[in-house]
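Accompanying notes for the structure given below.
The values are calculated or read from the model by the stated rules, or taken from the named source; none is laboratory data. From a predicted model like this one, the values you see are computed outputs, not experimental measurements. Here the Cβ is made from the backbone with ideal geometry for all residues, glycine too, and neighbour counts use every protein chain on show. Protein only, heavy atoms only, side chains kept; ligands, DNA and RNA dropped before computing areas. Shrake-Rupley method; radii C 1.70, N 1.55, O 1.52, S 1.80 Å.
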Amino acid sequence: MIRLIATDLDGTLLQPGGVLSDRTRATLNAVDADVVVVTARPPRFVQDLDLTGTAICSNGAMIYDLTNREVTHAQTVPFDVVRKVSEALAEVIPNVGIAVETGLEVLCEPAFKGFRANNPHRTLELLDHVFEEAHQVVQMLAWAPDSEADHMMEIAKQAVGQHVTVTHSGGLGLLEISPPGVSKAATLESLCGARGIGKHEVIAFGDMPNDLSVLGWAGTAYAMGNAHPVVKQACSNHAPPNTEDGVAQVLEQLFRL
């Protein structure tokens, strides 16, 4: 019995361009299960999808109530850790630029060019100014123009993995860095525990390395047809790609819609 559906957004639930198709929306509305969005995106990107329920945002650092449009929980990276990680990455990754996600916007140093289109951001003159203006840091971002994300992630894990959680969503040379011990799976497990839902009652969908923790935890896991090779290798179940409403196709069969 499936009581909760945990799904990533980009490359998974959404069509290219961040579109939630009519078919997928109708399927989510029809299933007899909780639907929890589990994404690297901050709340401002999910609030306009016209979904209800709960979103786990910023790779597990934030929980957002989609119905009431409010953040109900946030875990932050201590500022001393932010500085320490920034300094360490500068030593091991050439031309790396740092930005921080505050939950409201991205603050960048000039070397950081890895923000996504339409992502509210401000570029400040110095990295010290970024640290001074950020009221909190729910996620750090590191971008290097000449680095491949998988290789960059391995270097970063060796350099700062004892202080933070490092992953990526497939962006070219872009890393996502969360508070220590924070992941999509850790937050989802806590949420399910509060609702009395066991992991065997959870089905999860994802496409990128930052989804691996959730896919590994859930009782049933599907890698999208367009997923990163490592994600496909980790999952025995494969859904059709997001361009073909793969999540909806699987749920239609499982719930006999």
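Identify, please: which residue in the range 1-23 is among the charged types (D, E, K, R) and closer than 26 Å to S178 by Cα and is, among those, surrounded by the most Cβ atoms within 10 Å (Cβ to Cβ)? Looking at residues that are among the charged types (D, E, K, R) and closer than 26 Å to S178 by Cα, I get D8. One residue stands out among those in the range 157-171 that are within 18 Å of the chain's Cα centre (by Cα) and outside any loop (DSSP other than H, G, I, E, B): the one that is farthest from G206 (Cα to Cα), which is K157. Sub-8 Å Cβ pairs linking a first residue in the range 1-20 that is over 11 Å from I203 (Cβ atoms) to a second residue that is surrounded by fewer than 16 Cβ atoms within 10 Å (Cβ to Cβ) and of a type in the set (D, E, K, R), at least 6 apart or interchain, are L20/D50, ordered by first then second residue. Within the range 192-209, count every residue that is open to solvent by 10 Å² or more (accessible area, probe 1.4 Å), touching a residue at least 40 places away in the same chain (Cβ under 8 Å) and assigned to a helix (DSSP H, G or I). So the answer is 3.
Put simply, of P110, P42, P94 the only residue that is open to solvent by less than 20 Å² (accessible area, probe 1.4 Å) and closer than 23 Å to A142 by Cα is P42.
Tallying residues that are in contact with a strand residue (DSSP E or B) (Cβ under 8 Å, 6 or more places away or on another chain) and part of a loop (DSSP other than H, G, I, E, B) within the range 122-156 yields 6. From the list A221, A248, the one residue that fits, being open to solvent by less than 30 Å² (accessible area, probe 1.4 Å) and assigned to a strand (DSSP E or B), is A221.
In the set A26, A55, A88, which member is modelled with pLDDT of 95 or more and either assigned to a loop (DSSP other than H, G, I, E, B) or buried (at least 22 other Cβ atoms within 10 Å of the Cβ) (or both)? Going through A26, A55, A88 in turn, just one is modelled with pLDDT of 95 or more and either assigned to a loop (DSSP other than H, G, I, E, B) or buried (at least 22 other Cβ atoms within 10 Å of the Cβ) (or both): A55. Per the conditions (1) out of contact with any Leu (no Cβ under 9 Å at 6 or more places or on another chain); (2) without any contact (Cβ under 8 Å) to a residue 24 or more places away in the chain; (3) not in a helix (DSSP H, G or I), the sole criterion not satisfied by P180 is (2).
Selection of first residues in the range 215-241 that are at negative phi and touching a residue at least 40 places away in the same chain (Cβ under 8 Å) and of second residues that are open to solvent by less than 70 Å² (accessible area, probe 1.4 Å) and of a type in the set (V, I, T), restricted to Cβ pairs under 7 Å at least 6 apart or on distinct chains, gives the following pairs, ordered by first then second residue: A218/V202; A218/I203; T220/I203; M224/T12. For first residues located in the range 141-169 and under 22 Å from G60 (Cα atoms), partners that are among the hydroxyl-bearing types (S, T, Y) and at pLDDT 90 or above and lie 6+ apart or on another chain with Cβ distances below 7 Å form the pairs M153/T167; V164/S178; T165/S178; T165/S183.
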